[in-house]
């Protein structure tokens, strides 16, 4: 079954990325195969909730996590909402569905001392790869951008005179993030070394490999993991933890939650509030140490 109209809707009206679109279509096609096999139904437009429930049960029995199952069902729900919108169906079969319970993951940010140690080590690096890696880590920590946003940065997204960075976020939403002076200085140093590369294929992109092609996501992950494995015993050492550290450290220093939301490119405060638990822990510690009636 073709999902062309739905695909166009997500891409053109909702501004979903190609990767997100592919994930949605994969989920729909997987469900389509299930109903054809189990119920000999040729279209998923006419299924009832019990049939969807059978699919969910089969996913649980196959060992897929509740989080992944909820994502798949969310794709299906978006599809049925689209069918309602274009009046192809009268009732969404997932109307009364409740998501499976998921244990909330507590992301532990890097401490300020861990960040300081890594940044001090990076300050000694002056060659192309050293400066590039230093800038990657400085940008993550100074702006809170996502890994894919960093990979897609172009040279003309950096405005050194105004000290701002243009970032293309989810659903192609642009935001501008201020750059602190230390990061501006590192960008200038990196660009000098970047221009000395023997060959450059992807001229427009900011971050390149030594071969002059655009950097890729797995390399960015490896860079972060390599540097932070030397100073941190945390199990997870990823670009997302740096984003988490950026938000947590800002909130610890009293930054406004709405301002952090805008910097992170979140569409709602609910997404930003996941970063506040560490800030509350920090507040409790300060309060406990400072209040006259607290038991020290």
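Annotations for the structure displayed:
- In region 187-204, the count of residues that are in a loop (DSSP other than H, G, I, E, B), assigned by TED's automatic domain parsing to the domain that holds residue 117, over 15 Å from the mean Cα position of the chain (by Cα) and within 19 Å of residue 246 (Cβ to Cβ) is zero.
- Criterion: touching a helix residue (DSSP H, G or I) at 6+ places or on another chain (Cβ under 8 Å), assigned to a helix (DSSP H, G or I), touching a residue at least 24 places away in the same chain (Cβ under 8 Å) and outside the structural domain of residue 77 (by TED's automatic domain parsing) - qualifying residue of 99, 142: 142
- Residues satisfying the stated conditions in region 235-264, i.e. touching a helix residue (DSSP H, G or I) at 6+ places or on another chain (Cβ under 7 Å) and in a loop (DSSP other than H, G, I, E, B): 237, 238
The values are calculated or read from the model by the stated rules, or taken from the named source; none is laboratory data. Keep in mind that this is a model prediction, so the values were computed, not measured. When we count neighbours, we look across all protein chains shown, and the Cβ atoms used for this are built from the backbone with ideal geometry, even at glycine.
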